[in-house]
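The values are calculated or read from the model by the stated rules, or taken from the named source; none is laboratory data. Predicted model, so just to flag it, every value in this text is computed and none were measured. So basically every Cβ, Gly included, is an ideal-geometry build from the backbone, and we count neighbours across all protein chains shown. Please note that ligands, DNA and RNA were not included when accessible areas were found on the heavy atoms of the full protein model with its side chains. Shrake-Rupley method; radii C 1.70, N 1.55, O 1.52, S 1.80 Å.
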Amino acid sequence: MEHKDILAAIISPLCSWYRKNQRILPWRENKDPYRIWVSEIMLQQTRVEAAIPYYHRFLEALPTVEALAQAPLEQLMKLWEGLGYYSRVKNMQKAAMTVVEQYGGRFPADAKLLEKLPGIGDYTAGAIGSIAFGLPTPAVDGNVLRVAARLCNDDTDIMLPQTKRRVKADLETVYPEAENVSDLTQGLMELGALICVPGVPKCEFCPLAELCVARKAGREQSLPVREVKKEKKLEKRTVFMLRCEDKVALVKRPEKGVLAGMWEFPAAEGHLTKNDAEEQLTAWGINAKAEKFVESRHVFTHLIWDMKSYYVIADAMPEEFYWFDLNELIGRLALPTAMKPFLTAVIKHIDAEK
């Protein structure tokens, strides 16, 4: 049996299962493409449970695409603080501006046009197209690739672009047969998230168990096939928590690369000894002792930051840094998660001095 025939056979049982078992999630309350878009972008790198409070906060502050298009960048970064991958929200604003300027504030009901918007790939375009507009446009992500690999007993590497293209093409042939493409899209997502999970799938609860070729062959736990990830690059850094009077020093990262344009505490490459750290302070025009403090490790997609830090009561405020009072730092500025342990350390120091 060809893959597309297997996928065609799942439509009715999967949609029926989804309608009875779907989770109650805030972005499923209506078919507003703006709300669906926000949820899909948030969920790209974030678990559902973690995304929900961010989703509510984001929509309360920016309830329309026009509001997002006009929002100050600092507000956007603060609303996104803690979600990581900040390029997502920057691209969202660029896309919102395009929707407002070119489409009068209404998302185009066309997957090809959606895909041209900044930050929207074929998966997100397919999700918005099928869920919001009822278009026969599949949304193929890791969950869907895993489900398809097991259903079809397919040992092709799901990390290969050609595998994704083939699965999408197979689904495109069966989507028009679905009575409700929104249920089909969300059913595939839900099945992968709740039942056909990585490692050991919950086949006893699966509505497609009798159709699953991998299960019949006893291969459900060995699929899908994924290439082994490359070892992450390790970077050692020394972070400086500089305080002068009632101000704390921050710098902005370059506009390209890791945490592009984000605020962070001043840092130097490598793990500096106390003497080396104080030499660095002197180079910045600060004559002060460096107190060794918290160590932290932060894991990015392809990179690990191994960080040690020094707390410094500075005798000057060099102009190469931005100096903020603590309330402004906490209330208005967005710090990436990698910097949060050092912010906590600064707060503890200040509280201890009161």
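Please give the length that would be gained between Glu320 and Ala61 if that part of the chain were fully extended, namely 0.36 nm times their separation in residues minus their C-alpha to C-alpha distance (nm, one decimal).
On the way: separation 259, 0.36 × 259 = 93.24 nm, distance 3.28 nm.
Result for the pair: 90.0 nm of gain on full extension.
Helix 122-133 versus the longest principal axis of the chain: what angle, 0 to 90°, nearest 10, using Cα atoms?
Once rounded, one gets 60 degrees.
Find the centroid of the Cα atoms in segment 114-133 and in segment 272-329, then give the distance between the two in whole Å.
42 Å
Considering only protein heavy atoms and a probe of 1.4 Å, how much of the accessible area of segment 31-144 is carbon and sulfur, as a whole percent?
Summing carbon and sulfur atoms, their accessible area is 53 percent of the total for segment 31-144.
Among Leu151, Tyr103, Ala352, whose Cα sits farthest toward the positive end of the charge dipole of the chain (+1 at Cβ of Lys/Arg, -1 at Cβ of Asp/Glu, about the Cα centre)?
Of the listed residues, the answer is Leu151.
Going highest first, how would you order 219-226, 154-161, 87-94 by mean Cβ packing within 10 Å?
Working: 219-226: 16.5, 154-161: 15.0, 87-94: 18.2.
Packing proxy ranking, top to bottom: 87-94, 219-226, 154-161.
Using 0.36 nm per residue of separation minus the Cα-Cα distance, give me the extension gain between Glu235 and Asp32 in nm, one decimal.
On the way: separation 203, 0.36 × 203 = 73.08 nm, distance 4.27 nm.
My answer for the length gained is 68.8 nm.
Using helices alone, what [θ] at 222 nm do you get for the chain, with -39,500 (n - 2.57) per DSSP H run of 4 or more residues, divided over all residues and rounded to the nearest 500?
On the way: 16 runs with 162 residues, N = 354.
-13500 deg cm²/dmol, from helical runs alone.
Where both residues lie in the chain, what percent of DSSP beta bridges are antiparallel, nearest 5?
Numbers: 19 of 31 bridges.
The antiparallel fraction comes to roughly 60 percent.
Quick one: Cα centre-to-centre distance for segment 27-72 and segment 217-240, in angstrom?
First find each Cα centre; the distance between them is then 29 Å.
For segment 41-101, what percent of Cα pairs sit more than 17 Å apart? Mind dumping the intermediate values first?
Values: 608 of 1830 pairs.
The proportion of pairs with Cα distances above 17 Å equals 33 percent.
Please give the peptides 38-47, 178-187, 312-321 ranked by average Cβ packing (other Cβ atoms within 10 Å per residue), highest first, as a rough proxy for protection. Display every interim value, and only then the final one.
Working: 38-47: 18.5, 178-187: 21.5, 312-321: 15.7.
For the peptides 38-47, 178-187, 312-321, the packing ranking is 178-187, 38-47, 312-321.
Using only Cα atoms and rounding to the nearest 10 degrees, what angle (0 to 90) does helix 11-21 make with the longest principal axis of the chain?
50 degrees
Can you pull a Stokes-Einstein diffusion coefficient for segment 207-354 at 25 °C (0.890 mPa s), Rh from Kirkwood over Cα pairs, as a whole number of µm²/s? Please report the intermediate quantities before stating the final value.
Working: Rh = 17.8 Å.
Here the translational diffusion coefficient equals 138 µm²/s.
Where in segment 216-249 does the amide nitrogen come within less than 13 Å of the point 7 Å from the Cα of Val197, taken along Cα to Cβ?
No residue qualifies, since no backbone N sits under 13 Å from the label point.
What pairs from Lys232/Lys292; Lys90/Lys308; Lys90/Lys256; Lys247/Lys292; Lys229/Lys340 go past 18 Å between their alpha carbons? Display every interim value, and only then the final one.
Values: Lys232/Lys292 27 Å; Lys90/Lys308 30 Å; Lys90/Lys256 12 Å; Lys247/Lys292 20 Å; Lys229/Lys340 27 Å.
Correct reply: Lys232/Lys292; Lys90/Lys308; Lys247/Lys292; Lys229/Lys340.
Explain nothing, just the number: relative contact order of the chain, from Cα pairs under 8 Å at least 6 residues apart, as a whole percent. Write out the running numbers ahead of the final one.
Numbers: 526 pairs, mean separation 58.0, N = 354.
Answer for the chain is 16 percent.
With the cut-off at 15 Å, report for segment 237-278 the share of all Cα pairs above it, as a whole percent. The partial results should precede the final answer.
Details: 442 of 861 pairs.
Of the Cα pairs, 51 percent sit more than 15 Å apart.
What ranking do 288-294, 168-174 get when scored by the average of other Cβ atoms within 10 Å per residue, highest first?
Going from most to least packed, we get 168-174, 288-294.
So what's the angle, to the nearest 10 degrees on a 0 to 90 scale, between helix 142-151 and the longest Cα principal axis of the chain?
Between the helix axis and the principal axis of the chain, the angle is about 30 degrees.
List the relative contact order of segment 89-164 as a percent without decimals, with contacts defined as Cα pairs under 8 Å and 6+ residues apart. Don't skip to the end; give the middle numbers.
Numbers: 64 pairs, mean separation 13.5, N = 76.
With pairs under 8 Å counted, the relative contact order is 18 percent.
In a solvent-free Debye calculation with one equal scatterer on each Cα, what is log10 I(q)/I(0) for the chain at q = 0.11 Å⁻¹, listed in the order of the q values?
Log-scaled intensity ratios, in q order: -0.85.
I need the fraction of alpha carbon pairs in segment 20-152 separated by more than 21 Å, rounded to a whole percent. Working shown, then result.
On the way: 3503 of 8778 pairs.
Percentage above 21 Å: 40.
Rank Tyr55, Thr124, Ala71 by how far each Cα sits towards the positive end of the charge dipole of the chain (+1 on Lys, Arg Cβ; -1 on Asp, Glu Cβ) and give me just the farthest.
Working it through, the farthest residue towards the positive pole turns out to be Thr124.
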